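What follows is one structure encoded as structure tokens, with my remarks underneath.
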Amino acid sequence: MRRFLLPVLVGACISSAVLAQARPPIPAVVLTHMNDLDRRCTAAGGRAGSGRYVVAQDFTGDGRLDYLLSEGDYDCTGRPGLFRQGGVARVDIFVVDARNNARRVYSDQLIAYRVLAGKPAKVQIARRGAACGPGSSASTQCAAQLAWNGHGFGEAVAVSDASEGKAAAPRPATAAVAAAPAGNTAAAGPAPPPLVVQPEARPRFLADCRRFYVSLSADAARWADEQCAADWEKIGASAAVTDALLAALPAAAGEALPVAALRQRLGGVRWAAKASSRELSASGKLGRFEVSVSGSPAARTLAMNWMAVGAEPPYDIVGAMRARGVQLTEIACEEFGSGEWQRVFSGVAPGRAPFRLEVAQRVAPTANANSYYGATIDLSGQAPRAGAAQACRNPSNLLM
């Protein structure tokens, strides 16, 4: 099966020849599916080959290996194409729980897929014809990125086929999404393609991080590397919320994004049936973050907020954006005391209009007090004006 968009990562692929060496053991339901492919291949007059058709990655973000099985990549010697009829093949995703039990949470006939590195790993899919929705012709192609919502995989954002130099059509919008809001703004187009962590991002971050700590104190040379590795983990932990913020951005200035379209783009969010307050047009949850949308009918801002008692905020959305090639320029900063600050950035991201990002953090002063961390992004597509920038003395969590 063709893996579209020149895969960035197809990690931990497992062939039948090395299954016995896998740890933890492959869950029974996954093995049963694999054995069934062997049986069907033999029954058709072929024999099982050494094709790499299983991808073992953490697709949900819980730290456990899950499994993607691509029947189109199964090598049935003597019967090529047995599981790839008409250029499409089935892809299944099995999610594993703490007891190493797996359940199938996704299954579809696809023309292509790819797996992108990350925590969690991302799966992008491509379909053709009627599978792209009502009004699609036999030649219509559409592509999307799957997002885990705690129960299954929804489609978070549309993606482009960069390897072929053309955009893959997203699923046709519903009437509510396609309707243009009042005013002189344009209706929202497809979501911009997702941004991935650049290969040089981690070594660059670690070098800059060490240099920063040592600049504050020469003694930091003894412990900076360990601290910087921990700081990088905050960037990894911010992947899902960062991807959601970037997916919501308009592609061009003046483009309006209806709230219904925003909800479709952010398929990983568990949207509430009713907004949590009158000031909001939509609200929900993304992992440990509360999601809030203001503005109607077009979304004006998107906010992600985390809160916990006595814990240090384990996130760095600014660092995660920079690791994805986003240029952020600090235009304002204010401190409210030790461990509490608010920063404002002007942002420029590939394929997106300029934006304003506001990040706030508070580290609990006592064990029974609340810590919080949050980011709010402006969806107007207008570049923010620089204010009278102040230098924060304690730039923790924003080292890059």
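The values are calculated or read from the model by the stated rules, or taken from the named source; none is laboratory data. Quick caveat, the model's predicted, so the values are computed rather than measured. Cβ: placed from backbone, ideal geometry, glycine included. Neighbour counts: every protein chain shown. All accessible areas refer to the heavy atoms of the entire protein, side chains included, with ligands and DNA or RNA removed. Shrake-Rupley method; radii C 1.70, N 1.55, O 1.52, S 1.80 Å.
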Charge-dipole axis of the stretch 45-153 as Lys and Arg at +1 and Asp and Glu at -1 on Cβ define it, positive-most pick from Val96, Gln145, Gly51: Gly51
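Whole number in Å², please: accessible area per residue of the stretch 41-111, 1.4 Å probe, ligands, DNA and RNA not counted. List each step's numbers first, then the result.
On the way: 3150 Å² over 71 residues.
Per residue, the stretch 41-111 has an accessible area of 44 Å².
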Additional length obtainable on full extension of the chain from Asn100 to Phe212, 0.36 nm per residue less Cα span: 36.1 nm
Asn149 long-range amide H proximity, modeled H, under 5 Å: Gly154
Distance in nm between pseudo-label sites at Thr77 and Gln109 (7 Å out along the Cβ direction from Cα): 3.0
Gain on full stretching of the segment that runs from Ala272 to Leu31 - 0.36 nm per residue minus C-alpha separation: 83.1 nm
Nitroxide proxy distance, nm - points 7 Å out along Cα→Cβ at Val309 and Glu233: 2.3
Carbon and sulfur %, accessible surface of the stretch 314-385 computed with the full protein complex present, 1.4 Å: 46
Inter-site label distance for Glu200 and Ala138 at 7 Å from Cα along Cβ, in nm: 4.8
Accessible surface of the stretch 36-140 [probe 1.4 Å, protein heavy atoms]: carbon and sulfur percent: 46
